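Scroll down for the structure; my scribbles are underneath it.
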Amino acid sequence: MADEGIRVHLCSSAVALAAAGSRAMKIEDSFLIHAPPEKVWNFFLDIERMSRCVPGVESVEAVDDKTYRGKLKVKVGPIAATFGGVARLTELDPPRRLVASVEGDDKASASAVKATFTATLAAAEGGTEVSYQMDVTLRGRLAQFGGPVIGATAKKMTAEFAKNIRGQLED
C-alpha cells in the first residue's frame with residue numbers, strides 16, 4: 001500500500017549510465033481505490049478522462065487506439081521541465097494488467113526519459129489495489145538528481161493521482 005512508501009531502486013547498470021549522463025531506476029508504489037476492478041480498468045482505458053487525473057498533464061491526443069501523444073509538466077528538485085512524448089499501450093490483460101512504453105524529452109532542460117510502465121489491478125477489501133512499477137531511464141540535466149529526489153517527486157505525483165482518481169470513481 002502507499003502508506004509503506006514508494007520504493008525507488010537504482011538498477012545495476014546505474015553506475016555506467018551515470019557516467020554517461022543517464023540514470024536508470026525502478027519506481028514502485030500502490031494505492032487503494034474504493035471501486036471494483038472493472039470500473040477502475042475502464043477508467044484507466046478512458047485515456048482522456050484518466051489523463052486529467054495525472055498531475056502536470058497539459059495535453060493528450062490519440063494517435064491511434066493504443067498510441068497517445070502528450071505533454072507533462074514536472075518539477076524535480078529546482079528544475080521544471082515540460083516533456084513532450086508518446087505513450088503506447090503494449091500489453092492489455094483486462095481487467096488485471098496493462099503495460100505501456102513511454103518516451104519523451106524536454107528541450108529546455110536537455111533531458112529525456114524512456115520508461116516501461118506496468119500496472120496491476122487486484123480486488124481488495126473495500127475496492128481495488130492498484131500497483132505499478134516503472135523501469136525508467138532518465139538522461140540529461142534531470143538525471144543529476146538522485147533516487148531520493150526523484151522518488152519524492154514520484155511519491156507526491158502518485159498521491160495526487162490516486163486522490164484525483166478517488167474523486168472520479170468513489171461514491
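The values are calculated or read from the model by the stated rules, or taken from the named source; none is laboratory data. Keep in mind that this is a model prediction, so the values were computed, not measured. Cβ atoms come from the backbone with ideal geometry, glycine included; neighbour counts cover every protein chain shown. When the accessible area is computed, the model is the full protein with side chains, heavy atoms only, and any ligands, DNA or RNA have been set aside. Shrake-Rupley method; radii C 1.70, N 1.55, O 1.52, S 1.80 Å.
Tabulated values for the structure
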read-out: Given (1) among the β-branched types (Val, Ile, Thr); (2) surrounded by fewer than 16 Cβ atoms within 10 Å (Cβ to Cβ); (3) over 20 Å from Ala24 (Cβ atoms), index of the condition Val60 fails; value: (2)
read-out: Selection count, the range 94-110, where residues are closer than 14 Å to Asp135 by Cα and either open to solvent by 50 Å² or more (accessible area, probe 1.4 Å) or β-branched (Val, Ile, Thr) (or both); value: 3
read-out: Only one of Thr128, Thr158, Thr153 that is polar (S, T, N, Q) and farther than 17 Å from Val54 by Cα; value: Thr128
read-out: Counted residues, the range 103-129 - those being at pLDDT below 95 and among the aliphatic types (A, V, I, L, M); value: 5
read-out: Qualifying residue in the range 73-84 (condition: among the charged types (D, E, K, R), touching a Gly at 6+ places or on another chain (Cβ under 8 Å) and either in contact (Cβ under 8 Å) with a residue 24 or more places away in the chain or not in a strand (DSSP E or B) (or both)); value: no
read-out: Residue that is modelled with the highest pLDDT, among those in the range 63-89 that are open to solvent by less than 30 Å² (accessible area, probe 1.4 Å) and in contact with a Ser or Thr (Cβ under 6 Å, 6 or more places away or on another chain); value: Gly70
read-out: Positions within the range 111-152 being open to solvent by 30 Å² or more (accessible area, probe 1.4 Å), over 19 Å from Lys163 (Cβ atoms) and in a helix (DSSP H, G or I), in sequence order; value: Arg141, Gln144, Pro148, Val149
